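Here the structure comes first, spelled out in structure tokens, and everything after it is commentary.
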Amino acid sequence: MILHAVGVLVANALLAVIGMGVLLLIDGWRRLGRWTRPGVALLLGQGAFVVVAPWLLYAGLSVSPLLVVPLIALVLGAGILVSRRRALPPDPRPGGGGWIAVLLAGVPLVFLGARASYHALFQFDTISNWATKGIVIWAGGHRLTGVFDPRFFTRPDLHPQSHLEYPVGFNALLAWNFHWMGTADTWIVHLQLALLLAGAIATVWALLRPIVPALPLAVGLAGLVLMPSVVDAVLSAYADLPLACVWATGAIALMRWRVEKERYLLALATVVLSAAVAIKQDGGFYDVAVYVGLGVVLAFEERRRLLELAASAAIVALTTVPWRIYNAVHGIGTTDIRPGVSRMRAETGNVRLTLDGILHVFTSHGTLFAVPLAVGFAVACIVKNRRTEAVPLLLTGGVVVVSLVLIYWNAAVNLPLVLIPALSRILIGLVVLAWLLLPALVYGALVPAEPPS
């Protein structure tokens, strides 16, 4: 078991090397503080792998280290070459006080990872979808090609309800871990979720530390690790928490890009938001929500920057094209959602059921009331004319809720038995974003503004 855990750590260390190369390419490495770079590189590498690995599978290749490690070296080498041609580095982002975050958030995260590593898979969807397809893609660890051909979708060991139409980014990430473990250890693989959470926390520290003092920010990040809903998500090994980690971080990076006008922040957001939709279909409406939210703000403040935002959104959309082509060619689809006016007229009761379910999630003690607290402090920030994070959060959250109501309204799946209970998982992205922004919102609402010098 210890060797398997070491395998997961090695797998993620190599992903951090990918992130380092990407940071060098987008000119982010030199702009980050020395001690914040590794954490950002970890999440960026995890996100980049989740986006690109499925392309290898669609091309008939595997995610074997024999194929992936040379690509990692190529990315790092390109990053180094590009970075050497740039001018002298600017002053890095403030990131001081990181030891507080390590102490308050890192220690419980280590314990959570250890606890999760001794936890067996028990959720049906995890077993039938995420883990099983990861094992199939791993293919025993000795195949370089043919692990994802059309016959994959008729294998008898794949349950009919394993959502074959879903993106396979998270499945490929699990397979990457299996390669380095040398076996498909579905207990230790929980450690991967803890490492995704670690990457998200480290990245949010780097993004928000310039505007929030170290102690309140560290307390907020520690609260996320201790949040019952997040702990349950790590133990269940659903893909909803990985989706939440990359999406919430990407949303915050996009918000900081709007204020700081640094293009490396836009590039970072583009990569991890692409990862969101590569992990699960839900990443689609989550990504739309944050781009619409930021787009509305820019439309009123700086229209000329809408083109940059649109370019980022277009890149995210383009990364889904290989997945959509593969599904279309092989006739893979879903009938879970059947939009239509007649259906909506007949199922108006679904709206109230969905809104009641959403309200129940938001007011659940398992989420530590993250969303109501964030909304309250966001309104207070707007009253005090501190709208930087408040307005985008409210707009993004509103679009997420409206999108989910429309999806559930047109669902062909049993709402009370299947979809309403799933809301606690589906909404965890918005819960995580609300909690991560809470330190900045509290600080903005309660701390008096400094007088202009």
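The values are calculated or read from the model by the stated rules, or taken from the named source; none is laboratory data. Quantities reported herein were computed from a predicted structural model and do not represent experimental measurements. When we count neighbours, we look across all protein chains shown, and the Cβ atoms used for this are built from the backbone with ideal geometry, even at glycine.
I'm trying to understand the selection: among the residues of the range 209-240, which are hydrophobic (A, V, I, L, M, F, W, C) and either without any contact (Cβ under 8 Å) to a residue 12 or more places away in the chain or in contact with an Asp or Glu (Cβ under 9 Å, 6 or more places away or on another chain) (or both)?
From the range 209-240, those hydrophobic (A, V, I, L, M, F, W, C) are 211-212, 214-215, 217-219, 221-222, 224-227, 230-231, 233-235, 237, 239; that's our starting set.
Across the range 209-240, the qualifying residues are I211, A233, A239.
Under 6 Å between Cβ atoms, which residue pairs at least 6 apart in sequence (or on different chains) link something in the range 162-184 that is among the polar types (S, T, N, Q) with a partner that is part of a loop (DSSP other than H, G, I, E, B)?
Correct list of pairs: N177/V189.
Can you tell me how many residues within the range 233-258 are more than 9 Å from the chain's Cα centre (by Cα), modelled with pLDDT under 95 and part of a helix (DSSP H, G or I)? Give the steps one after another, and end with the answer.
So the first thing to find is which residues in the range 233-258 are more than 9 Å from the chain's Cα centre (by Cα), and the list is 233-239, 251-258.
Restricting the remaining residues to those that are modelled with pLDDT under 95 gives 233-239.
Subset that is part of a helix (DSSP H, G or I): 233-236.
Of the residues in that region, 4 qualify.
Return yes or no: is L273 surrounded by 24 or more Cβ atoms within 10 Å (Cβ to Cβ), of a type in the set (A, V, I, L, M), in a helix (DSSP H, G or I) and touching an Asp or Glu at 6+ places or on another chain (Cβ under 6 Å)?
Criteria met by L273.
Look through F300, F362 and report the one residue that is surrounded by 11 or more Cβ atoms within 10 Å (Cβ to Cβ) and either within 26 Å of Y166 (Cα to Cα) or among the aromatic types (F, W, Y) (or both). Before the answer, list the steps.
On the way: F300 fails: surrounded by 11 or more Cβ atoms within 10 Å (Cβ to Cβ).
Unique residue meeting the criteria: F362.
Checking the condition within 27 Å of L164 (Cα to Cα) and of a type outside the set (D, E), which residue from T319, T348, T367 passes?
On inspection, the qualifying residue turns out to be T319.
Being surrounded by fewer than 24 Cβ atoms within 10 Å (Cβ to Cβ) and modelled with pLDDT under 95 is the filter; apply it to the range 384-394 and report the residue that is nearest to the chain's Cα centre (by Cα).
Of everything passing the filter in the range 384-394, T388 is nearest to the chain's Cα centre (by Cα).
Conditions: (1) at pLDDT below 95; (2) under 26 Å from V272 (Cα atoms). L307 meets all but one. Number of the miss?
(1)
Select from the range 27-45 the residues that are farther than 20 Å from L221 by Cα and at pLDDT 95 or above and list them in ascending order.
Of everything in the range 27-45, just one residue is farther than 20 Å from L221 by Cα and at pLDDT 95 or above, namely G45.
For I337, only one of the following conditions fails: (1) touching a strand residue (DSSP E or B) at 6+ places or on another chain (Cβ under 7 Å); (2) closer than 22 Å to A233 by Cβ; (3) surrounded by fewer than 17 Cβ atoms within 10 Å (Cβ to Cβ); (4) of a type in the set (V, I, T). What is its number?
(2)
Does V75 qualify as being at pLDDT below 90, surrounded by fewer than 22 Cβ atoms within 10 Å (Cβ to Cβ) and of a type in the set (V, I, T)?
Answer is no for this residue.
Checking the condition under 20 Å from the mean Cα position of the chain (by Cα) and within 30 Å of A59 (Cα to Cα), which residue from G331, G283 passes?
Sole residue among the options that is under 20 Å from the mean Cα position of the chain (by Cα) and within 30 Å of A59 (Cα to Cα): G283.
Run G397 past the list (1) surrounded by fewer than 19 Cβ atoms within 10 Å (Cβ to Cβ); (2) within 21 Å of V297 (Cβ to Cβ); (3) among the small types (G, A, S); (4) at pLDDT 90 or above and report the number of the one that doesn't hold.
Here G397 clears every test but (1).
Which of the residues spanning the range 35-63 are in contact (Cβ under 8 Å) with a residue 12 or more places away in the chain and assigned to a loop (DSSP other than H, G, I, E, B)?
W35, T36, G60, S62, V63
For residues that are in a helix (DSSP H, G or I), among the aromatic types (F, W, Y) and buried (at least 19 other Cβ atoms within 10 Å of the Cβ), scanning just the range 104-156, find the one that is modelled with the highest pLDDT.
W138
Among the residues of the range 14-34, which ones are within 19 Å of A101 (Cβ to Cβ) and assigned to a loop (DSSP other than H, G, I, E, B)?
Selection gives L32, G33, R34.
Identify the residue in the range 166-215 that is aromatic (F, W, Y) and surrounded by fewer than 24 Cβ atoms within 10 Å (Cβ to Cβ) and, among all such residues, is farthest from G113 (Cα to Cα). I'd like the intermediate steps shown before the answer.
As a first pass, look at the range 166-215 and keep what is aromatic (F, W, Y): 166, 170, 176, 178, 180, 187, 205.
If we keep only those that are surrounded by fewer than 24 Cβ atoms within 10 Å (Cβ to Cβ) as well, we get 166, 180, 187.
Values: Y166: 26, W180: 18, W187: 11 Å.
My answer is Y166.
Only one of A314, A328 is over 30 Å from W435 (Cα atoms) and either part of a helix (DSSP H, G or I) or touching a strand residue (DSSP E or B) at 6+ places or on another chain (Cβ under 9 Å) (or both). Can you tell me which? Explain how you work it out, then say what you get.
On the way: A314 fails: over 30 Å from W435 (Cα atoms).
Answer to the check: A328.
Just to check your reading of the model, which residue among A449, A422, A411, A445 is of a type in the set (G, A, S), surrounded by fewer than 22 Cβ atoms within 10 Å (Cβ to Cβ), modelled with pLDDT under 95 and in contact with a Leu (Cβ under 8 Å, 6 or more places away or on another chain)?
A411
For V296, are the conditions met, namely being within 17 Å of the chain's Cα centre (by Cα), at pLDDT 95 or above and assigned to a helix (DSSP H, G or I)?
no
Among what's in the range 352-389 and is outside any loop (DSSP other than H, G, I, E, B) and polar (S, T, N, Q), pick the residue that is farthest from V259 (Cα to Cα).
Among residues in the range 352-389 that are outside any loop (DSSP other than H, G, I, E, B) and polar (S, T, N, Q), the one farthest from V259 (Cα to Cα) is T354.
Given the structure, is A101 buried (at least 18 other Cβ atoms within 10 Å of the Cβ), out of contact with any Ser or Thr (no Cβ under 7 Å at 6 or more places or on another chain) and at pLDDT 90 or above?
no
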